[in-house]
1. Give all pairs with beta carbons closer than 7 Å in which a residue from segment 58-83 that is touching a residue at least 12 places away in the same chain (Cβ under 8 Å) meets a residue that is exposed (fewer than 15 other Cβ atoms within 10 Å of the Cβ) and in a strand (DSSP E or B); count only pairs at least 6 apart in sequence or on separate chains.
2. Pick from segment 60-95 the residues that are in contact with a helix residue (DSSP H, G or I) (Cβ under 7 Å, 6 or more places away or on another chain) and more than 14 Å from residue 147 (Cα to Cα): which of them is surrounded by the fewest Cβ atoms within 10 Å (Cβ to Cβ)?
3. Can you pull out every residue in segment 41-56 that is more than 16 Å from residue 119 (Cβ to Cβ) and of a type outside the set (Gly, Ala, Ser)?
Amino acid sequence: MKIPICALAIILFFSCKQPVTIKVEKSINTDSLKEILLSTDLAFSDLSKKSGRNAAFLEYMDEHVAMLRPNGMPMVGKDTMQKVFSSRPDTGYSLTWKPLFADVAASGDFGYTYGTYAMLTAKGDSSEGTYCSIWKRNADGQWKFVLDTGNEGLKPATAKP
C-alpha cells in the first residue's frame with residue numbers, strides 16, 4: 001500500500017506544477033506606425049498618379065493579396081493580379097486617393113486605412129468613391145496591403161461637354 005500512495009503523490013506533484021513562462025513585451029509605438037501607414041498609403045497613391053494604377057498596386061501588394069470588386073468573386077494572389085493587370089491597361093485614366101484614417105494593431109504588424117478616391121479618364125469623365133485597405137507589415141518593416149476594396153458613389157460620374 002505504501003508504493004501506490006507514493007506513486008499517487010508523485011503523480012499529483014507533477015500534474016499540479018505550472019509551467020514557467022517568461023513574457024517579453026516589446027514597446028510598440030502605434031501612433032508612430034499609424035503615421036507611417038498613412039504616409040505609405042499616400043506614397044502608394046502618388047505612385048499610381050506617376051506610373052499608373054497597375055504598377056502602383058503591384059508594388060504595394062502582399063504576395064497573398066485579396067482584392068474585392070463589385071459583381072465578382074475575390075481576386076486572390078499577386079500572381080493572379082499580375083495576369084489581370086496585364087490584360088487591363090491603365091493608360092486611359094488616372095486613379096488617386098487620399099486616406100482619411102489609419103489604425104494599427106497593438107502588435108504593430110497589421111493595420112488598415114480608409115479614405116476617398118478619384119478616377120479621371122483621358123476623356124474627362126470622373127468618378128469618386130471610398131476605399132478600405134488592410135495592411136500587413138513584413139519582416140523588413142514595409143507595409144504591404146493584403147486586402148483592398150472600394151465603392152463608387154460619392155458623386156455621380158460627369159463628362160465634359
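1. 66/76; 77/64; 78/63
2. Among them, the one singled out is 82.
3. Of everything in segment 41-56, those that are more than 16 Å from residue 119 (Cβ to Cβ) and of a type outside the set (Gly, Ala, Ser) turn out to be 41, 42.
One line per residue, one yes/no per condition, for (1) more than 16 Å from the chain's Cα centre (by Cα); (2) assigned to a loop (DSSP other than H, G, I, E, B); (3) within 15 Å of residue 134 (Cα to Cα); (4) modelled with pLDDT of 95 or more:
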site: 36; (1), (2), (3), (4): no, no, yes, yes
site: 50; (1), (2), (3), (4): yes, no, no, yes
site: 65; (1), (2), (3), (4): no, no, yes, yes
site: 70; (1), (2), (3), (4): yes, yes, no, no
site: 94; (1), (2), (3), (4): yes, no, no, yes
site: 103; (1), (2), (3), (4): no, no, yes, yes
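The values are calculated or read from the model by the stated rules, or taken from the named source; none is laboratory data. A quick note: this is a predicted structure, and the numbers were derived from the prediction, not measured. Neighbour counts are summed over all protein chains in view; Cβ atoms, including those assigned to glycine, are modelled from backbone coordinates with ideal geometry.
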